[in-house]
Amino acid sequence: MLWIKMLHIVFMVTWFAGLFYLPRLFVYHAMTEDSAGSARFKIMERKLYYGIMAPGAVFTIVFGMWLWLGYGIGGAWLHAKLAVVTALVVYHLYCGRLLADFNFDRNARSHLWYRWFNEVPVIFLFAAVILVVVKPF
Ligand code: HEM
């Protein structure tokens with residue numbers, strides 16, 4: 001069980017690395033005026049989203065489900081945690097939509113909007129880790 005939990009935590013960290021870094025790239029991309037700079041951001045964003053964030057998300061969920069359904073670890077805290085995970089997946093998929101907007105040069109949001117958007121995963125991280133480590137209910 002501990003090997004599965006180890007893999008769960010490692011992929012969770014991988015997923016969050018992308019959830020924090022991709023919106024930061026969007027901040028700088030939204031401020032970029034030259035086409036060479038924009039082309040460079042498009043490559044970085046695409047590799048981060050498909051090469052790091054997507055596998056991180058998939059394996060965090062696979063090993064989390066394994067801990068839950070395979071070892072029967074659960075409770076009211078896990079139901080609340082699954083609500084947080086659902087919101088995280090929605091945020092992740094919305095990042096994919098924003099990625100497409102930048103890729104087709106149709107981004108309409110300001111760098112300021114992306115700075116606030118970049119803070120959202122912090123709230124989800126605290127909520128999920130408090131629920132699973134402290135298990136308040
Ligand atoms: C569908 C998604 C997920 C499921 C079903 C799930 C389920 C679980 C379960 C059953 C455990 C074992 C708890 C224990 O041994 O007491 C666990 C551990 C953990 N999960 Fe998740 N999890 C999911 C997603 C996440 C996400 C997104 C995060 C990140 C914020 C996360 C962070 C952790 C941490 C840090 C632990 C280790 C807790 C400890 O050892 O005390 N999990 N998870």
> How far is it, in nm, from the label point at Trp116 to the one at Val133 when both lie 7 Å from their Cα along the line to the Cβ?
Replying inline: 2.9 nm
>> Ignoring solvent entirely, what values of log10 I(q)/I(0) come out of the Debye formula for the stretch 55-130 at 0.17, 0.28 Å⁻¹ when each Cα is a single scatterer?
In response: -0.77, -1.37
> To the nearest 10 square angstrom, how much accessible area does Ser38 have with a 1.4 angstrom probe?
Replying inline: 20 Å²
> How are the Cα pair distances of the chain distributed, in percent, across 10 Å bins from 0?
Replying inline: 12, 40, 28, 15, 5, 0
> So how exposed is His79, as accessible area in Å² (1.4 Å probe, rounded to 10)?
Replying inline: 120 Å²
>> Could you derive backbone 3J(HN,Hα) for the stretch 20-33 from the dihedral phi with the Karplus parameters 6.51, -1.76 and 1.60 (θ = phi - 60°), listing whole Hz in sequence and x where the residue is Gly or Pro?
In response: 8, 7, 4, x, 5, 4, 4, 4, 6, 5, 5, 8, 7, 10
> Ratio of Rg to Rh for the stretch 1-72, alpha carbon only, Kirkwood?
Replying inline: 1.19
> Magnitude of the Cβ-charge dipole of the chain, K/R +1 and D/E -1, about the Cα centre, nearest 20 debye?
Replying inline: 200 debye
>> Run the helix sum for the chain: -39,500 (n - 2.57) per DSSP H stretch of 4+ residues, divided by residue count, reported at 222 nm to the nearest 500 deg cm²/dmol.
In response: -26000 deg cm²/dmol
> What number, in percent, do you get for the relative contact order of the stretch 44-137 if the mean sequence gap of Cα pairs under 8 Å and at least 6 apart is divided by its residue count?
Replying inline: 45 percent
>> Let me spell out the model: positive unit charges on the Cβ of Lys and Arg, negative unit charges on the Cβ of Asp and Glu, origin at the Cα centre of the stretch 59-137. What dipole size does that give, in debye rounded to 20?
In response: 80 debye
> How much net charge surrounds Ala54 when only other residues with a Cβ under 15 Å from its Cβ are counted (Lys, Arg +1; Asp, Glu -1)?
Replying inline: +2
>> Which of Gly96, Gly56, Gly74 ends up with the largest GNM mean-square fluctuation for the chain, with Cα atoms connected below 10 Å?
In response: Gly74
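The values are calculated or read from the model by the stated rules, or taken from the named source; none is laboratory data. The structure presented is a predicted model; accordingly, all values stated were derived computationally and were not measured. All Cβ positions, even for glycine, are placed from backbone atoms using ideal geometry, and neighbour counts span all protein chains on display. Note: areas computed on protein heavy atoms with side chains; ligands, DNA, RNA excluded. Shrake-Rupley method; radii C 1.70, N 1.55, O 1.52, S 1.80 Å.
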